[in-house]
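Colleague: Take this structure first; my questions come after.
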Amino acid sequence: MRSNHLWFWTLVVAFVPTVSAAQQSMTTAAGTAAGVTTITVRVTYQQNHRPAPALRVELVSPMGGMAGMRTTDGNGGATFDGVGSGRYQVRVSGPDVETTTSEIIETGGSNGGPYITERIEVRLTKTAGANASGPALALPIPEAAQKEFNLGSKEADKKHWEQARDHFQKAIVAFPRYAEAFNYLGQVEIQLKDGQGAVEAFRSATQIDPTLPQANLYLGQFYYENRQYKDAEPYLLRSAATQPQSAQILTVLANTELQNGETELALTNARKVPSLEKHQQFAISHLIVAQALTGKGQDDEIAKEYEAYLREAPDSPLAPRVKEALAKLKAK
């Protein structure tokens, strides 16, 4: 029985779509229609309604693609200019606050408008709240570091990547635990085609703040594509925790767990995929379930997964192999 499925073990790696491809396509699709919008975000603390400075603000599509990132200023403000027509959410995070995501925002075209203000209240974590002796504020960032970070952000907005990298590196020198500066540096390194530099920057960022979504996503993708599954798994787990409705991330995570010999975890996550939006694009999840069931005396369930795969991906390069495996099962 086991021999019928060994071909899948290696082939699945090549056919699970990578995280970066989804992120790029989602971000592009969210802003291609006519009409642009300026989104102004105002962030305050829920405990005392004061402005929340130096927090990470992300503009994301409902499916998880990132369209932009900013850091709140001293008044808790952040602005996204020239946002294309589409559907977005605003996500706010930081080392001392609970990550908070807005409702869906319609921009551009007939549904949105030229100017939108989104007000978000964030709650301090229990530890931060217990340690706060005065007005609730995020971790203080030295003025010199904040200045360099802001200069780097401006250069990045202009796509002046070399200058942006210089400013982010100076911000890190001024404040070595500046997770956001490491995170932005990683993004700049991607633009400069320095993959190793991006990995080092994102890894440093997550060592300071393990919650950073894009850093976790990039590192999970990097290690997955290099078949370093043990290294990829913790980052993919964090990504799945922040994007539990992403069929793509769950599929990649399930395959990673499968490769790491964690068949029950792989089975649990792969079985979540068919209930999610656009799950047909990740029909490979059915083969992950089939592989996880191999050797458990559940041939009927394996056959059902093969049939589901063939319904959803009849023209896949794997389809002939799956048909052959299915025929062997039914002939037993």
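Colleague: Give me a count of the residues in segment 146-171 that are of a type outside the set (Phe, Trp, Tyr), buried (at least 20 other Cβ atoms within 10 Å of the Cβ) and free of Cβ contacts under 8 Å to residues at least 40 places away in the same chain.
Modeller: 7
Colleague: Right, here's the next one. Among the residues of segment 233-256, how many are buried (at least 24 other Cβ atoms within 10 Å of the Cβ) and not small (Gly, Ala, Ser)?
Modeller: The total comes to 10.
Colleague: Since Pro274 meets every condition but one in (1) closer than 21 Å to Ala313 by Cβ; (2) in contact with a Gly (Cβ under 8 Å, 6 or more places away or on another chain), which condition does it not meet?
Modeller: Here Pro274 meets the rest and fails (2).
Colleague: Here is a follow-up. Provide a single number: the residues in segment 272-284 that are polar (S, T, N, Q) and within 16 Å of Leu326 (Cα to Cα).
Modeller: 0
Colleague: Give the residues of segment 65-96 that are at pLDDT below 85 and either among the polar types (S, T, N, Q) or not in a strand (DSSP E or B) (or both), sorted by residue number.
Modeller: The answer is Gly65, Thr71, Thr72, Asp73, Gly74, Asn75, Gly76, Ser85, Pro95, Asp96.
Per-residue answers, yes or no, for (1) closer than 21 Å to Glu307 by Cβ; (2) not assigned by TED's automatic domain parsing to the domain that holds Val322:
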position	(1), (2)
Pro213	no, yes
Tyr223	no, yes
Asp231	no, yes
Leu237	no, yes
Thr256	no, no
Arg271	yes, no
Lys278	yes, no
Ile284	yes, no
Leu287	yes, no
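Colleague: Another question, if that's okay. Here are the criteria: (1) acidic (Asp, Glu); (2) surrounded by 15 or more Cβ atoms within 10 Å (Cβ to Cβ); (3) touching a residue at least 12 places away in the same chain (Cβ under 8 Å). Tell me which single one Glu277 does not satisfy.
Modeller: So Glu277 meets the others, but not (2).
Colleague: Every residue in segment 209-232 that is touching a residue at least 24 places away in the same chain (Cβ under 8 Å) and either at positive phi or surrounded by fewer than 17 Cβ atoms within 10 Å (Cβ to Cβ) (or both), please.
Modeller: Within segment 209-232, Pro210, Glu225, Arg227, Lys230 meet the criteria.
Colleague: Let me ask something else. Go through segment 72-92 residue by residue and tally those that are polar (S, T, N, Q) and in contact with a Leu (Cβ under 7 Å, 6 or more places away or on another chain).
Modeller: Taking segment 72-92 and keeping what is polar (S, T, N, Q), we get 72, 75, 79, 85, 89.
Restricting the remaining residues to those that are in contact with a Leu (Cβ under 7 Å, 6 or more places away or on another chain) gives 72.
Adding up the residues that qualify gives 1.
Colleague: Take the conditions of a type outside the set (Lys, Arg), more than 17 Å from Asp96 (Cβ to Cβ) and free of Cβ contacts under 8 Å to residues at least 40 places away in the same chain and apply them to Ala201. Does it pass?
Modeller: Numbers: of a type outside the set (Lys, Arg): yes; more than 17 Å from Asp96 (Cβ to Cβ): yes; free of Cβ contacts under 8 Å to residues at least 40 places away in the same chain: yes.
Yes.
Colleague: Report whether or not Leu287 is crowded, with 24+ Cβ neighbours inside 10 Å and more than 30 Å from Leu59 (Cα to Cα).
Modeller: Taking the combined requirement at face value, the residue satisfies it.
Colleague: A further question follows. Just give me the residues in segment 61-86 being closer than 17 Å to Glu180 by Cα and among the aliphatic types (A, V, I, L, M), in sequence order.
Modeller: Once the filter is applied, which keeps residues that are closer than 17 Å to Glu180 by Cα and among the aliphatic types (A, V, I, L, M), segment 61-86 yields Met66, Ala67, Met69, Ala78.
Table: residues versus (1) among the small types (Gly, Ala, Ser); (2) modelled with pLDDT of 80 or more.
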{"site": "Arg2", "(1), (2)": "no, no"}
{"site": "Trp9", "(1), (2)": "no, no"}
{"site": "Pro17", "(1), (2)": "no, no"}
{"site": "Ala21", "(1), (2)": "yes, no"}
{"site": "Ile39", "(1), (2)": "no, yes"}
{"site": "Val60", "(1), (2)": "no, yes"}
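The values are calculated or read from the model by the stated rules, or taken from the named source; none is laboratory data. Since this is a predicted model, take the numbers as computed values, not measurements. Backbone-built Cβ (ideal geometry, glycine too); neighbour counts: all protein chains shown.
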